[in-house]
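One structure is given below, encoded as structure tokens.
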């Protein structure tokens, strides 16, 4: 048995990275880049046994320093969450999109960042592509095992739409191998061909066989949701108390938006009389500023330019230390396009200095012109300025760049999602307070609408998964109460059905 906490933590990560090789890649440990986790029942049982043993060893330690005790608590909470995911949540048996995220994430992390020479990364990608057929065969076994919850139909539909993105990554690997040596290129091409065939067959099976019998509910139910809420958010508050606080904030923020709409009425609307109905008044003001937006093709360039403006503003006022790590603003990879919006994909703490990706999801190709316009009105010029603060600087990108420099590997690898989202929401308010966009009062109205979205996210997540909130109920709250465009509300309804608890972390 290891004699010190530091040795125990080092030993923990050696085995953690072995048991969870995709997590290892994403953290920046590249010893297991050529394989997938064991998706069998035996693999799950082995992980749970190891986690249980690690938990007992941590519990037995005493005489720890303050820093070590913090790390121990983080490790214990992480272990408890991982055991919960394996034994109780068991998404592998009822949520097919788990496999889209796993396989897509495992390949994207190898192909997108230059942490090693191209040949080395392609060899690892070939190893993973060679394992995709077996991984998807085990996915079929898990999804037809009959254990626990029934397979969720909506999750199946979204997997059919997104898992082809894994095949796209395999084709990308082939393109990247065009100029490497013949043996490696031949291996990559063969592995990609087999993997693409396996993905295509999996999609056909999902569509033609599994979907018809996938009658499971996307709702977790109160008991399972409350347990996940505790583990995933490391929460000391209950969902019921968070819901109460969010409901109170909902009224407060809407009142502030009404005040701003009245103040800016003459500027944005002109001489038109104000409506008597407060919601109509606020919506009318928001509609007036929503017409100023880039085209869909201009979204990335708009956010790149806004990012430069924000950094210049921060430097001029010496508000916070900026990061030197590269940031790319890109379209969201197809395997992650189950719902719209944007995200920050950071490098792991062991890949310090590599690229972060601020990813924006484009409108789906099958959307009508009206749907695209609805999305662009939601992500109008002011909203995109707020989004860039949230996702890039001084939001997620900056916070995670500094987090990766943490001396504690435990805290760097197992960071707090609640802190990350809370930071991004907090610093957006700070930017407003210090005068960013002070010459444009409409930006403040857009900010409060964005924060109102965080509130409705929370209310919706809790009420969907612990109750019976319907699509009509959710749309009414988001569109009528939250002043969202219908396209945004529809995508958020999709997200709430595919995920649980994470939407609460913004509030």
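Read the figures in this text as sums done on the coordinates, not as results from a lab. Predicted, not measured: the structure shown is a model, and the values here were computed from it. Cβ placement follows ideal geometry from the backbone for every residue including glycine, while neighbour counts extend to all protein chains displayed.
Here are the numbers for this structure:
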quantity: All positions within the range 224-247 that are within 16 Å of residue 85 (Cβ to Cβ) and surrounded by fewer than 17 Cβ atoms within 10 Å (Cβ to Cβ); calculated: 227
quantity: Selection within the range 55-73 - in contact with a helix residue (DSSP H, G or I) (Cβ under 7 Å, 6 or more places away or on another chain) and surrounded by fewer than 18 Cβ atoms within 10 Å (Cβ to Cβ); calculated: 55, 57, 61, 64
quantity: Residues being touching a residue at least 12 places away in the same chain (Cβ under 8 Å) and more than 26 Å from the chain's Cα centre (by Cα) - total across the range 42-64; calculated: 10
quantity: Number of positions in the range 423-438 that are assigned to a helix (DSSP H, G or I) and more than 12 Å from residue 451 (Cβ to Cβ); calculated: 5
quantity: Residue match in the range 287-303 (condition: in contact with a strand residue (DSSP E or B) (Cβ under 7 Å, 6 or more places away or on another chain), in a loop (DSSP other than H, G, I, E, B) and farther than 30 Å from residue 161 by Cα); calculated: no
quantity: Residue 21, sole failed condition from (1) free of Cβ contacts under 8 Å to residues at least 40 places away in the same chain; (2) closer than 28 Å to residue 334 by Cβ; calculated: (1)
quantity: The listed residue being closer than 30 Å to residue 155 by Cα and surrounded by 20 or more Cβ atoms within 10 Å (Cβ to Cβ), out of 401, 359; calculated: 359
quantity: Leading residue by the ranking (surrounded by the fewest Cβ atoms within 10 Å (Cβ to Cβ)) among those in the range 2-18 that are closer than 23 Å to residue 103 by Cα and free of Cβ contacts under 8 Å to residues at least 40 places away in the same chain; calculated: 14
quantity: Some residue of the range 448-471 being surrounded by fewer than 17 Cβ atoms within 10 Å (Cβ to Cβ) and part of a helix (DSSP H, G or I); calculated: yes
quantity: Top-ranked residue in the range 310-328 [being in contact with a strand residue (DSSP E or B) (Cβ under 8 Å, 6 or more places away or on another chain) and surrounded by fewer than 16 Cβ atoms within 10 Å (Cβ to Cβ); ranked as farthest from residue 345 (Cα to Cα)]; calculated: 326
quantity: Output for the range 452-462, where each listed residue is touching a residue at least 60 places away in the same chain (Cβ under 8 Å) and farther than 13 Å from residue 481 by Cα; calculated: 458, 462
quantity: The range 354-390 - residue that is under 21 Å from the mean Cα position of the chain (by Cα) and in a loop (DSSP other than H, G, I, E, B) and, of those, farthest from residue 427 (Cα to Cα); calculated: 364
